[in-house]
Every structure is written in C-alpha cells, then in structure tokens.
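Novice: Below is a structure I'd like to ask you about.
Nothing in this text is a laboratory measurement; each read-out follows from the coordinates by a stated rule. A quick note: this is a predicted structure, and the numbers were derived from the prediction, not measured. Positions of Cβ are backbone-derived with ideal geometry, glycine not excepted, and every protein chain shown enters the neighbour counts.
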Amino acid sequence: MDNYEIIVVGGGHAGVEASHICAKMGLKTLLITHLLDNIALASCNPAIGGLGKGHLVKEIDSLGGLMGAITDISGLQYRILNASKGPAVRGTRVQIDMDLYRKHARDVLLHAKNLTLIQGSVTKILTQNNEAIGVELSIQKQIFGTKIILTAGTFLRGLIHIGENKSHNGRAGEMASNDLSENLIKLGIPLERLKTGTCPRVLGSSINSDILEKHYGDAHNTRGEILQTLQNSFKSHNNDEKRSTNQESYDKDFLFREAINNANIKDWQKFQNFLRKNFNETGNISEIQRTTTKGLCNDMQNIHKDAPYFSILTHDYLIYGRENLISKILNTRIKYGYFLPHELPCFVTYTNDTTHKIIESNFYRAPLFTGQIQSVGPRYCPSIEDKVNRFRDKQRHQLFLEPQTYNAGEYYINGLSTSLPYEVQEEVIHSISGLEHAVITRYGYAIEYDYSQPTNLYHTLESRIIKNLYFAGQINGTTGYEEAAAQGITAGINACLAILYKQGKVKRDSLILDRSESYIGVMIDDLVTKGTNEPYRVFTSRAEYRLLLREDNACFRMLPYSKELKLLETSILMQLETDKNNIESCLPILDEDYTPNKINLEKLAQIREDGFQNKCNFSLILGRESMNPAKMRKLDNRFAGLSSRALKQLQIHAKYKSYIDKQENQIKRSKQNLHLEIPSDFEYQGISGLSLEVIEKLCKDRPKTLQEAQRISGITPASLEVLELHIILHRRKAQEKSDKIL
C-alpha cells in the first residue's frame, strides 16, 4: 500500500510550489501529474512577474519557494515595470525561456529529498467520513495520504474552442480530467465554469523584424560595453588563465565591481594601484586615456548595474558568493560581478483597420459571440475579438512579439488572444505589419474549465466541505502563474503545519498571512471572503497598504515566518536578520536635523550632490532620487557597515517617511479596533456604505466583535471600517441619551 503524508495533484505552478515546500519541510510528499515533461509548463505567455504579480513572486521566494529562483536562471529579458514611479507600484517582469524554466523546475523536483514524482491521471479523491484519505488513478491504483492538495489548473472538464471546433483537453494536446470533476461534484463540492484563452505562436524566422520596433530589457544597454571596455583596458598581456579557479574568478569579479563602484577622479592613482595589484597589470597603464576611463567609471555609477532579479538565492550568491541551489547555473549569467544574462528583444507591432475588419466580419464565427462559449473570461486579458467589439473607437491595438526560448524559434503574440477559426487567425496575423508572411506554429484557442468557488475554503485553503483537502491555483478561480504559485506554497505550508503541529514539532497549526503584510494575504482574503465570478488577478490597487507591501521589502516582511519555519538557508536568514536590525537601528537617524555647515556641504560636494541653504530633516537629503548606497556610506560613517539592501530600505523610508508612518498607524489602529464589541441591539439595516450582501450576512451571524465580523465570508476591510464608525456613533448616541436621563 502506497502511503504519503502529502499528495499533490497537478504539476503546474501551484503544484510545483506545493510539492517542493512540503518536501522541504520534511514531509513525505508525492506529486502526481499528467506529463512529467510538462511540469511547470508556461502554457500561456512566456513571462513571470509584472505589476502586482512581481510582488507575489518575491513573497513566494521569501518563503522558500522556487518561482523566483527558477526565473532568474531561465530568463531571457529582465525589466522593472513602472520604474519611473514609486517603489510600491514597481513590478519586476521577466521573459523566460519556457523550455529552460520547466527543465530547471523538473530537475529540482526530481532531486528533492522527501519528494516522489509519478505520471498519472487522478480520477477520484478518496474520502471517509467527509475527510480526504487518498486518490485513485485512472489505472485504478489507489494511493493514500494524510493531506491532499488539488491543483488541477484548467483540466477539470476542460473544453477547447477554435472556431466551431471543440475538443476535450486540459490544454492543447493533453486530456481533460472529466472523471475528477464528476467525483468532486459527488463529494458535495459545487463547481462552476470559467474561460481563459491564449494567443497564436508564429515561427521566429518568418517574422520581418527589421521593420519592427525593438524592446530590450533593463540589462541590455551600454553598461555591458562599458564593463568590457574598461576591463579590456587593464587586461594583462601575460595573464596565466591556468591558475584561475572558480573562487578566484569570483573574487576578481567582485573586486573589479568594487573598483568601478568606488572609482573617484581624485583617487586615480589609487585606482591604478588597485588594478595593478588585483589584475596583475604589467603593461603601461599610463598609456590609457585617463579622461576616457574616468568617463566610463562615471557612466557606471549612473546606470542600473544588475539586471533586475527575483530571488534571495541570486542576491546571496551575487553579493556573498555562497553556493546554493542555483549557483552553478547563475555563475554562467554573472559578468564582472554583475548579474548580466544575455537578453533577447521583444518586437512591437499593431493591429490596423484591415485587421479589425477581418475580425468584425467573422464575429458570426467567434465562439465568444455565438453562444458556444458561455463562461466568463479574464477581465484584464480580453481576446482580440472582444477588444475590437468593445473598443470600436480604437484605431489599433498594441501587440508584443515575445520569444519563447533563447533560440527564438517561436514567438508568442501577446495581445492577440483568440478563439477565432484557424483560417481567420491566419488572415488576421497576415494583415499585421511584420507578420505578413508569418507561419503559425500553434493556433490560439479559448478553454472553458471547472473551478470551485473559493468561499468554500478556509484561509488555509483547506476545503470547508471535505477535511484534509486543499485547493490551489486556477481551480480557485484565479488566473496567472504567479497567483497559482502563491496559492500552492500557501496550501503546502498549511498542510504541513497541520501535520507537524499534531506531531508536536511546530508551535503553530497554520500560517494565515494578513492583508497588511503580504499580497498573498490580500489575494487569499479576497478569494475566501468575496469569492469570484471571473478569473481573479492580483493588482497593486487591491492592497490597502501597498506602500508597505513593496517588492523590495518582501524578504523582510516574510522573515518572521521563514525564520520560524526554517524555510530559508541559515546563512540567508542570519544576513536578513542583520540587515533588519541595522535598518531599525538607523531609522532614528532619518529624523535628525541636517544643517548647511561647511563639513556637510563639502561631503555633499564630494559625492556630487547639490548643497542646500536651510536646516532640514536628514531624511530630505537621504531621500533624494540621486542618492544611492555608495553615496550614503560616504555621507555618514554610521552607514559604512550596512549592506546595499539595508541602505536602499533606509532611502525608501527617508523618501516616503510620512506616508509609511501613516499606513503603519492605520494598521495598528485597525488591529486594536478588531476587539471593539458590537452592541447586541445594533441595527445593520440602512447603514450606508454596506452592501445588501454584507448587511444580510451580519444580520444572520450577529457577530459579537469586529474580529468575529472579519471572519465572515464577504466582509471586506472597507466594510469593517464603515461598521466601526457606525458602532462608535451608536455608542456616542447611547451615552448622550444616558446623560440626559441622569
């Protein structure tokens, strides 16, 4: 008899994170998936991250997950979206080589301790007394487990549409899980339908890219040439490469990076001596054009030096040189001590009037309009036929041609999701500039699938209907790899904690992240309390306290949990703890007065910062856009021993100090007021600001406190604020009435 502590059904992004974290937490885990070759397949767009989504990836990574690390070693273009805006709404987005991504993810799982992978199709959830006890495969093999995590994606009664043609698939080429859907319904779990879609792919060599606009990532600019030129200028003619080792190579790159970062016009001789000593320079350095090299150094200080990466593992290896899960592959992506992977461009093109006429003339064949598709699709990723129909005033729609792999064999047409007939798709694509002779390798399609309303879940993602059964990913009505992965790691951690707590090995039986501390908390709270009738997607606008929930501080926000549950390596936890303590100890410095005396003005001049005339708060100086960690260390010796990560946090605090303080006070006040008692005679009817649904639920459940009200499905933070206000007004009126009687 096969017995496991955790069984994960489905090898998509939710299943990968769930199975990996369960094995990492020491539990005997089984991952069952239709095709081992398609583990972590990017079945839609070949990209990870984005606005809001990048926050999720950082949080997953900070909880010991895989998505950020695998992305860093699979990416072929790295960008920060909203880079010109504040740090709260910036989002890291990486174009990935989809083949590399699934290869690396599969390799990690296959070599993970405590984890077994098998290929198979689950047809039943085995139960006893309304508790899940195992699964049954299509070959009638039964496998038993203490906890079951279901991450079925779009496979539950998946139905693909291409024009009038329909096929029962979980995604193109893979069978749907019809039997499992029927089994869930028999178990009393109600299922509803949603729809999503994907774009056609075209042969890379058939694109006329010469006439298209190119978009490169943040790592593709002049800095690679600057680094190469600068190093070549000082390259030894007698370098003995045989004596170099990996560690020595890393040390030289690190020293070279430091040399560039600290290059100073006034210390030219010192810089020359540094290069002689550390790069074995025997040539005539004085022959090098001094002004040219100084200019290169100055340019290096004014550009972003690393491609934006996700993972703490990448940071730890890049900065401290410590070996880890991905360091061997990372090593091939580091140049001169910088994270500079080779990047490919995306191409930009547009639909036009001809394109729109072709689409409009074929509305009668579009499954979306004929009634063939009856489910609701993602609001924020509409099909091209939906865009043409809804936005008739638009003369064109932007399209991105994104390479799916490093060999650029296929390109994904982002913005052209469609379920139109194949011949119409061909006409549409050939009407677009640069794609006149494009060869379609895969046609776009829409897919309808079953999902379970997430209001049937606890915040742990365990089912309220079947005990020990957890749901994660698109089965909960979400869309996107990042949302799925975040739910996967949450379900995995909670399933593990429930077991470990009973064994007396941990002090908590669950991990429920709050809305005020994570985007994962925001997403799960939205799903569990509000439910969804359309594919749910994370946005920064969904978070009430987004200034505190930034990408850059995810590692510190998740630190209490990653430390308690030992989800990260000890060396990383210790470094994060050190940085956190340094940040907290230096925060009072931001409130100090800074006077325009001679010493301070000279220091500012030395680091090429403008002076100032009137006494001000030190945070105004440190929060300048032009400020950086190197300058901060030179400006005040109390910052000298702090890491760049810690100093960047201080700079953000300095720039947004009043707003950060305001949000922190709001959170404290909100948590304190959760204990506010609701009077027994309190009337909910007629309260403006509360929906009829909220009023109905409050009247039915009659919570005694705001905390009890918070736990009711559908009660939002905004509802609680309105409720709190009216409770206070109710008490005030009651007190005034009592005073009059006396």
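Novice: Picking from Met67, Leu81, Leu109, whose Cα lies most toward the positive end of the charge dipole for segment 1-112 (charges on Cβ: Lys, Arg +1; Asp, Glu -1)?
Specialist: Positive-most Cα among the choices belongs to Leu81.
Novice: When only Cα pairs under 8 Å and 6 or more residues apart are kept, what is the percent relative contact order across the chain?
Specialist: Dividing the mean separation by the residue count of the chain yields 17 percent.
Novice: Here is a further query. Extension gain Asp353-Ile695, at 0.36 nm per residue separation less the Cα-Cα distance, in nm?
Specialist: Extra length from Asp353 to Ile695 when fully extended: 118.2 nm.
Novice: Next question. Using Cα pairs closer than 8 Å and at least 6 residues apart in sequence, work out the relative contact order for segment 674-741, in percent.
Specialist: Relative contact order of segment 674-741: 37 percent.
Novice: What FRET efficiency comes out for Asn581 versus Glu664 if R0 is 22 angstrom and r is the Cβ-Cβ distance? Round to the nearest 0.05.
Specialist: 0.75
Novice: Taking Cα pairs under 8 Å and at least six residues apart, what relative contact order does segment 570-664 come out at, in percent?
Specialist: 30
Novice: Cut-off under 16 Å on the C-alpha distance; same-chain residues fewer than 8 positions from Lys28 excluded. Which aspartates and glutamates are left, in chain and number order?
Specialist: Asp2, Glu5, Glu17
Novice: Counting only Cα, what are the radius of gyration and maximum Cα-Cα distance Dmax of segment 66-129, in Å?
Specialist: Over segment 66-129's Cα set, Rg and Dmax evaluate to 18.0, 56 Å.
Novice: Taking Cα centroids, how far is segment 657-701 from segment 413-470 in Å?
Specialist: 38
Novice: Just tell me which aspartates and glutamates come within less than 19 Å, Cα to Cα, of Lys598; anything on the same chain fewer than 8 places away is out.
Specialist: Partners within reach: Glu609, Asp610, Asp636.
Novice: Order these peptides, 387-398, 427-438, by their mean beta-carbon neighbour count within 10 angstrom, highest first.
Specialist: Answer by packing, highest mean first, reads 427-438, 387-398.
Novice: Here's something else I'd like to know. Report the semi-axes of the equivalent ellipsoid for segment 570-664 in whole Å, largest first, where each axis is √(5λ) for an eigenvalue λ of the Cα gyration tensor.
Specialist: Equivalent ellipsoid semi-axes, largest first: 24, 16, 10 Å.
Novice: Where the only charges are on Cβ atoms (+1 Lys, Arg; -1 Asp, Glu), what is the dipole of segment 570-664 about its Cα centre, to the nearest 20 debye?
Specialist: 300
Novice: If you wrap a convex hull around the alpha carbons of segment 674-741, what volume per residue comes out, as a whole number of Å³?
Specialist: Expressed per residue, the convex hull around the Cα atoms of segment 674-741 is 82 Å³.
Novice: Using helices alone, what [θ] at 222 nm do you get for the chain, with -39,500 (n - 2.57) per DSSP H run of 4 or more residues, divided over all residues and rounded to the nearest 500?
Specialist: -12000 deg cm²/dmol
Novice: What is the calculated FRET efficiency for Glu564 to Thr455, with r their C-beta to C-beta distance and R₀ = 30 Å, to the nearest 0.05?
Specialist: For R0 = 30 Å, the calculated efficiency reads 0.55.
Novice: Same structure, new question: Please report how far the C-alpha centroid of segment 535-584 lies from that of segment 22-77, rounded to the nearest whole angstrom.
Specialist: Centre-to-centre (Cα) distance: 18 Å.
Novice: Now for a different question. Just grab the label-to-label distance for Gln613 and Gln395, each label 7 Å out from Cα along the Cβ direction, in nm (one decimal).
Specialist: If labels sit at Gln613 and Gln395, their model points lie 4.8 nm apart.
Novice: Take the cross-link list Lys195/Lys387; Lys530/Lys704; Lys186/Lys467 and give me the ones stretching past 18 Å between alpha-carbons.
Specialist: Over 18 Å Cα-Cα: Lys530/Lys704.
Novice: Here is a follow-up. Under a crude label model (7 Å from the Cα following the beta-carbon direction), how far is Gln142 from Ser626 in nanometres?
Specialist: Calculated label separation equals 7.4 nm.
Novice: For segment 452-509, take every pair of Cα atoms, bin their distances at 5 Å starting from 0, and report each bin as a whole percent.
Specialist: Answer for segment 452-509: a P(r) of 4, 21, 27, 23, 14, 8, 4, 0 percent.
Novice: Could you rank the peptides 64-72, 678-686 by their average count of other C-beta atoms within 10 Å per residue, with the highest value first?
Specialist: 64-72, 678-686
Novice: Right, next: If I take all pairs of Cα atoms in the chain, what percentage of them are more than 52 Å from each other?
Specialist: Tail fraction, whole percent: 18.
Novice: Applying a 10 Å radius around every beta-carbon, put 652-665, 14-27, 76-89 in order of their mean neighbour count, most first.
Specialist: Packing order, densest peptide first, comes out as 14-27, 76-89, 652-665.
Novice: Can you give the percent of C-alpha pairs in segment 14-57 whose distance is more than 13 Å?
Specialist: Of all Cα-Cα pairs in segment 14-57, 66 percent lie more than 13 Å apart.
Novice: Checking understanding here: applying a Kyte-Doolittle mean of at least -1.0 and a length along the axis of at least 27 Å (C-alpha), which whole DSSP H helices in the chain pass?
Specialist: Helices passing the filter in the chain: 481-502, 717-741.
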